[in-house]
1. Compute the distance in nm between two label points, each set 7 Å from the Cα along the Cα-to-Cβ direction, one at B:ARG8 and one at B:ASN398.
2. Could you work out [θ]222 nm for chain A from helices alone, using -39500 (n - 2.57) per DSSP H run of at least four and dividing by all its residues? Round to the nearest 500 deg cm²/dmol.
3. Based on the Cβ-Cβ distance from A:ASP171 to A:ASP102, what FRET efficiency comes out when R0 is 22 Å, to the nearest 0.05?
4. Cross-link list A:LYS63/B:LYS54; B:LYS116/B:LYS270; B:LYS139/B:LYS226; B:LYS60/B:LYS264; B:LYS60/B:LYS84: which exceed 22 angstrom alpha carbon to alpha carbon?
5. What's the exposure ranking of B:CYS212, B:CYS201, going from fewest to most Cβ atoms within 10 Å?
6. Taking the Cα-to-Cβ direction at A:ASP146 and at B:SER347 and moving 7 Å from each Cα, how far apart do the two end points lie in nm?
7. Can you list the HN-Hα couplings for the range A:152-162, worked out from phi with the Karplus curve (6.51, -1.76, 1.60; θ = phi - 60°), rounded to whole Hz and with x for Gly and Pro?
8. Can you tell me the length gained on complete extension of the stretch B:ALA187 to B:ASP217, counting 0.36 nm per residue apart and subtracting the Cα distance?
Amino acid sequence: MGCIPTKLAKHTPGYEDPTVLASETSFSVCEVEALYELFKKLSHSIFKDGLIHKEEFQLALFKNSKRKNLFADRIFDLFDIKRNGVIEFGEFVRSLNVFHPDTPTEEKIAFAFKLYDLRHTGYIERDELKEMVLALLDESGLHLSDDVVEVIVEKTFSQADSKGDGRIDPDEWKEFVSQNPALLKNMTLPYLKDMTMVFPSFVVNSELDEEDL
Amino acid sequence: MDGGEAMRVGPYLIGRTIGEGSFAKVKAARRADTGGAGFALKIILRSRVGSDLKIHDQIKREIGTLKMLRHPNVVRLYEVLASKTKIFLVLEHVTGGELFDKIESKGRISEREGRKLFQQLIDAVSYCHDKGVYHRDLKPENVLLDAKGNIKISDFGLSALPQQIGVDGLLHTTCGSPNYVAPEVLANRGYDGAKSDLWSCGVILYVILTGCLPFDDQNLTLLYHKISKSEVHIPKWLSPGAQNLIKRMLDPNPITRINMDQLKEDNWFKQDYVPVMPEGDEEEDMLSDDESCVIKEVAEADHGHENTHNHINAFELIGMCSSLDLSGFFEQEDVSERRIRFTSTLSPKDLFDRIEEIVTEMGFHVRKGHAKLKVIQPCKGSTCPRSLLMVVEVFEINSSLYVVELRKSHGVSASYRQICAKILDDLGVCKSADVATTNQSLMQEHSTAALEGERKFTIAAA
């Protein structure tokens, strides 16, 4: 095998040791290495600097770097833990970990709450819910009358806002989700359990010692 | 590392060596955490492999192929581990030995028992073909038996995937063991992977039932000659049905050779045939054989429709948003399940009725369930497995607005796309501006189209 004198130089600025990331997440070391193959692909699709920019994020999800979307923006912001406008490898792995089938439901519930708390007030407000419904309808190219939208929003909001104070707090959210488990459907990606087989290229680049596995 | 002490790799404790090849060793393993046994680690030494790109590609290809295959009669790949010096493929450990050994020790197998094994072999091969995977090196050494004596096909290392198919749609690589190889493969003409696998299955059937090779010669030239002319002696003591099937499978002309559909309708083959369902990706997508349950579902569906569709709340509606589905990250390398959703103002009853009409007209079968409609691949006889193509589900947003989801199950993507295109077309789905382009990719063969996530269409009230 080739020599690896400049081990770290090969990696990008936000690179973190897979063994450390594995110890903090539901992923195994090899799965983290497989995720690095995915990360390299995504982070080199446009800017080639080893960081995932929003355009690259949109390109991966929609095959279109210019398609802006409320929800994609929210997901990107949540992945960008350091809030510096790009997603580093460590952020990528820790954020995807939320979607791992083995990750506790509590973490998924909390992530979904942050996702829908558009203005980071610590509550999901009625107008936020409406804004998201409108964004979805817009994305679907569907035009519903304002009355119809109001009814849909009102019905769901009143169910979730059990205390009736006009906003959904984390406890109410938890309660609502437990009654409607389907809400967490997209918080789990079964793919994440098959990473080593989906991105087998990592086997060629692995730098791990056997005892690290 | 060959000592008695158990070596550990990740969560696996490594046991004895069970096989050895030029690049790799295979060792039995069990999980240290759960104690679960039944794993075989194929350990590839990177120093032996070298940095040859071709071999790396072959390893990656083998992983990619095996990943797709989940069938009770195909050796399963669970995961892959790698270190600086080794690559570990965690495979299902099959303990019953090679079919070859069984035949060698027993001489030959009775027609009844042999047919059961052959049916399992065909089940597995047919499943792989449906996934676009051709084995190309089928021979008794690659056909293993589990502890219960059931077939497990191994060694897809040489399999060719559709991307290796040339512009003429035929495969162009020669490989495989001469005794089992089809004439068109030996002739190095482009060949149809499905038909040449069937030839090899024919040779295996011959070996199972007679204990001898149909084509054998010390002299390779003579062997090739025998194969290309299909000079084979079929013993008269075999039943006429078995003789006939072997003849049809060992037809030197791939065009007139029996194909998979015909084989499954063959009278000798069909006897006592119980097809196995592949291990489903999604439990709910499995076809239930419980007829009473189906009758109940249909009965329910006949009673008013208020309770037969799923009511979804605003958050669920938001959750359906394609931008919240991160599977786009992974689907490029994966011909995986697909989903198409559109909204409609038609009632669930109308939607289901019209979709049923459309798919029935296209020659597919449907089965109704609770707020669901399953589209099933038709089969020519009563014996072939009914494979589920897709599930249609309708969700209610309010009493006049519904979301329809067309979800692909296992099986050939082409039929799924055809059905979806027809449904969208016939229901008069009007594409809004920003999805107009995606309709095109709906028809594309490449899974990269999946990167666009789900597509949204709207139906105007028809």
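Laboratory data are not the source of any read-out in this text; all were calculated from the coordinates shown. As the structure is a prediction and not an experimental result, all values here were calculated from the model. Methodologically, a virtual Cβ is constructed for each residue, glycine included, from the backbone with ideal geometry; neighbour enumeration extends over all protein chains shown.
1. Simple spin-label model gives 6.0 nm for this pair.
2. -15000 deg cm²/dmol
3. Calculated transfer efficiency: 0.30.
4. On the way: A:LYS63/B:LYS54 30 Å; B:LYS116/B:LYS270 10 Å; B:LYS139/B:LYS226 18 Å; B:LYS60/B:LYS264 33 Å; B:LYS60/B:LYS84 16 Å.
Checking Cα-Cα distances, A:LYS63/B:LYS54; B:LYS60/B:LYS264 exceed 22 Å.
5. Working: B:CYS212 13, B:CYS201 23.
Fewest-to-most Cβ neighbours within 10 Å comes out as B:CYS212, B:CYS201.
6. Roughly 3.1 nm, to one decimal.
7. My calculation for the range A:152-162 gives 4, 5, 4, 4, 5, 5, 5, 5, 7, 7, 5 Hz in order.
8. Full extension from B:ALA187 to B:ASP217 adds 9.0 nm.
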